[in-house]
1. Sequence gap at least 6, Cα distance under 8 Å: using those rules, report the relative contact order of the range A:25-83 to the nearest whole percent.
2. Take B:Arg156 and B:Glu138, extend 7 Å from each Cα along the Cα→Cβ direction, and tell me the distance between the two endpoints in nm.
3. Using only Cα atoms, tell me the angle between helix A:186-201 and the longest principal axis of chain A; keep it within 0 to 90° and round to the nearest 10.
4. Starting from the Cα of C:Met1, step 7 Å along the direction of its Cβ; do the same at A:Glu377; then give the gap between the two resulting points in nm.
5. What is the spin-label model distance, in nm, from B:Leu348 to B:Thr47 if the labels are put 7 Å beyond Cα along the C-beta direction?
6. Using only Cα atoms, locate the centre of the range C:65-82 and the centre of the range C:222-263, then give the distance between them in Å, rounded to an integer.
7. If neighbour count is taken as other Cβ atoms inside 10 Å, put C:Asp342, B:Asp27 in order from fewest to most.
8. Any idea what angle helix A:327-349 forms with the longest principal axis of chain A, computed on alpha-carbon atoms, 0 to 90 degrees, nearest 10?
Amino acid sequence: MPPLLPCVETLSLVDHHCHSVVDGDLDRSEFESLLTEAEAPGPLGGTLFDSAIGFAVRRWCAPVLDLPPHASPEDYLARRADLGAAEVNRRFLQAAGAEALCLDTGFAPGAVLPLAEMGALAGATAHEIVRLEQVAEEVAAVGPGAAGFAEAFRERLRERTASAVGLKSIAAYRVGLALPGERPGDAEVTAAAGRWLASIEAGAAPRLADPTLQSFLVWCGVDRGLPIQFHVGYGDADVDLHRCDPLLLTDLIRAVEPTGTPIMLLHNYPFHRHAGYLAQVFPHVFVDVGLATHNVGHRAPALIAETLELAPYGKFLFSSDAFGLAELYHLGSLLFRQGLSDHLRTGLDDGVWTEEDAARIARLAGGENARRVYGLEQR
Amino acid sequence: MPPLLPCVETLSLVDHHCHSVVDGDLDRSEFESLLTEAEAPGPLGGTLFDSAIGFAVRRWCAPVLDLPPHASPEDYLARRADLGAAEVNRRFLQAAGAEALCLDTGFAPGAVLPLAEMGALAGATAHEIVRLEQVAEEVAAVGPGAAGFAEAFRERLRERTASAVGLKSIAAYRVGLALPGERPGDAEVTAAAGRWLASIEAGAAPRLADPTLQSFLVWCGVDRGLPIQFHVGYGDADVDLHRCDPLLLTDLIRAVEPTGTPIMLLHNYPFHRHAGYLAQVFPHVFVDVGLATHNVGHRAPALIAETLELAPYGKFLFSSDAFGLAELYHLGSLLFRQGLSDHLRTGLDDGVWTEEDAARIARLAGGENARRVYGLEQR
Amino acid sequence: MPPLLPCVETLSLVDHHCHSVVDGDLDRSEFESLLTEAEAPGPLGGTLFDSAIGFAVRRWCAPVLDLPPHASPEDYLARRADLGAAEVNRRFLQAAGAEALCLDTGFAPGAVLPLAEMGALAGATAHEIVRLEQVAEEVAAVGPGAAGFAEAFRERLRERTASAVGLKSIAAYRVGLALPGERPGDAEVTAAAGRWLASIEAGAAPRLADPTLQSFLVWCGVDRGLPIQFHVGYGDADVDLHRCDPLLLTDLIRAVEPTGTPIMLLHNYPFHRHAGYLAQVFPHVFVDVGLATHNVGHRAPALIAETLELAPYGKFLFSSDAFGLAELYHLGSLLFRQGLSDHLRTGLDDGVWTEEDAARIARLAGGENARRVYGLEQR
């Protein structure tokens, strides 16, 4: 790769969708299980280091731990253990070069760092993104009764989002993205809440997976007036990927349009061109290719170029979607920079835009779009 | 970009799917609303000039208006206003370098130029493509009665297509492309017409959106013996893009095959590889990537290369799908030429084909395929 | 194209999915009908030599028949006829450079060569892949009665697979890939067998196209403990491509996971990125891009690069899916080598991996993955 364009290298990024990192040491099996969206390497498939992201770790993360590029997985993990989790996390979060994080606090299995500590480690302002389903499950666990669920959820959402900058829906994981366009009626919500609460009373885990309720949550988010992030596309083996095409959200997107509430389509791979289309034709739709950016490694430039075929530059954001491994903060940031730099340099070489245009695009995608949409300046 | 291959630069194109242009002056908001498939720029997303097509306008259209490449949007629009719509339209239509236009006359909101005038401006022969739904809506407005609808439509179609070279279906916009394979029976058509006409009598706008009737229209088109264009894929916010995958047409395509009637799949993005497959395996299916070609700007070469992975060269056509802005005629043509030239040059550099092969491919895609399929030579 | 990397050029390939070749001479129409997935060239679309694969034949196959590169179709076919089918088949199978073939013996219309002869011609070990539907249709033709079908199938499958290395399902062609996740119950199987056998007794051809029975076949394959190949994506006009997205297999893939039975996703185009996702997140899923590799000709590098965005290198296999024309063995092998070499060289140029890494990846994809999954070493 040629060196980064200066206008990209010096960008102070806003990471508009990320998660916390694990604060303990990891053995090889734990490391590999956090590396990709696979739960673990399989007996027939070999090590997950032999993948695009694995090679990116060896190439770009090894030097941050004072190793030569392309260090072997064994050397890499030994050095990581020597340094210890705290130092490793500090180094990678610093290396990411973000000035602000919008952290989804709703998914935190195991021992992960709290919001404030993440911000301190990264040297960044840390903002909270509140996961709608997590709030609903918290409310359901208290046993509000079917008739009281809707109001209890709204009340709890107000409390939980007092200082949040955005919301997150994982409807994709639970019921897919073909949510109805219409806001569900009160009676429908009460009936669906009744079924859900009854199942919890009968012993089921309080895991929300109901299209009516998930639609209700989204509309409460619209009423709350914060940008709503949707998991779209690529995820782990728990997702039904064919139900996660962002085009399935079209009806809901149309219904939300009059409110002006921003809809943030996250990840999107392998449907990133579909997402780019939505970002072009709907004024309130924004897109990123987080998660995929670091998973595809050296193919990040192709991914970004495809997304920007239709997505206007004012609608495209950076996110790492890093979770668990601090490496993913660094890789998400670095591979985004490489992809964006490659995109801009190709355009400069081909006479597509001027240097000033390229620098403006870099600022939009790197942070200005996020600051504008989430209103981060006013905070 | 390297200069165009001579065999591409000198091509006299047949634009097998295009629309008319607005004949009045446009302010910035009107210009941006015609630039992409977005209805207008949104409050949070910035100007639509900051998009692939916006940069293409500044780069490639500015010089046609005597401005330097990369002129600012403000300078561009000021110069455009100075020259006036008539001169602007003349310059871009001439620059497109088409020898023949197949103009879809069925979509003409606002003040657009008539067929003959478009041909005169472009210095091209202008042929008409008749939109099936528009004919049906014209017939419905007259009130033929349910039982008389089918025959009235056939009769009106004969009149309207006396000198037309093709037909167009916008089923994609109205009901999606999952049309039934079988030709609907007379009783079905009468019943569906009855429902539609009753809704019009009850005050609804005469907007056709019925799978049975839309299928009936297509089969009348087959009986008429003219190539049938289908809107496929990419369009404005009114389209449900996930219902516009060309693969959903497979049953209908199979049913039409024995008649030999050419099926012309238009646009196709982001399903252009799917369309390429259909063009390979069905002898009567042809594809283009109009509309997308100018919207993706400097990514047009990637688009064309992907489409031609499976689509045979005898099945791939040029279209601009320009509408409203005369700039889109110029960009559609220029970016098609750049994409095709890049594709052919890459092949020459890699030893994929000879110079003679490359020139033959250029002639096929640029015009020979269209002339053969629409029978333009005999006209 | 630059020359192949030595580590790719010298690879001895395992072709884990291929078919037999025609052993008689072919006229132009017969040759073109075997060249792509089109049944034949159409009256309006021109010769199928004017396609990516057609140019690949002229460029890469002509020299194997002692002609200059880019020989005309006429010269090529004349030389082919002069040499005769036996010599042509020998040359191309040798040129492919495979050390082992896994041959699907279930599709053999016309006069094709038997397994042992294919191995001898190619200078390779020939292993058998048994097509599940073919065994079922063989059993049905004998008339086992509904109640006896399941056991008769299991018995016949045991016999037919005594020395086979894998199984193949063409559910994609018959009912699409949205197979149920659950193993069908005995009563369901008996009922479905009853309906099928009755239709055969009533005169229908014994062509299996029933989701319950096709699911039953797959589970019998799982019980048999051999890797199961699935036709996915691209095929001829008989396939409903929108029912062949590998993501539709997700439920079945999840259900099979605990057994550890390898699921081999074949072809996958244009859904190869979807397949790459499945190969990443499910430990027992493996992918290839056979058939598409030779059909897309010089675009094979793009195809392979896209597939390997998510698919780990331990999960990606070579196959030609050659059928009928011996040329397809040579082209499948050569274009795979070119695509893989281009992928590895790009990575080397960009510092993505070391020379040793590149050589290891080449060995994995070229044969080690296949030998491990099919247990070929032990044979």
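1. This gives 26 percent for the range A:25-83.
2. 0.8
3. 80
4. 5.3
5. 3.7
6. Taking the Cα centre of each part, the range C:65-82 and the range C:222-263 sit 39 Å apart.
7. B:Asp27, C:Asp342
8. 70
Each reported figure results from applying straightforward, stated rules to the coordinates on display, with no laboratory input. Please read these numbers as outputs of a predicted model, since none were measured by experiment. Every residue, glycine as well, gets a Cβ built from its backbone with ideal geometry; the counts of neighbours run over all protein chains shown.
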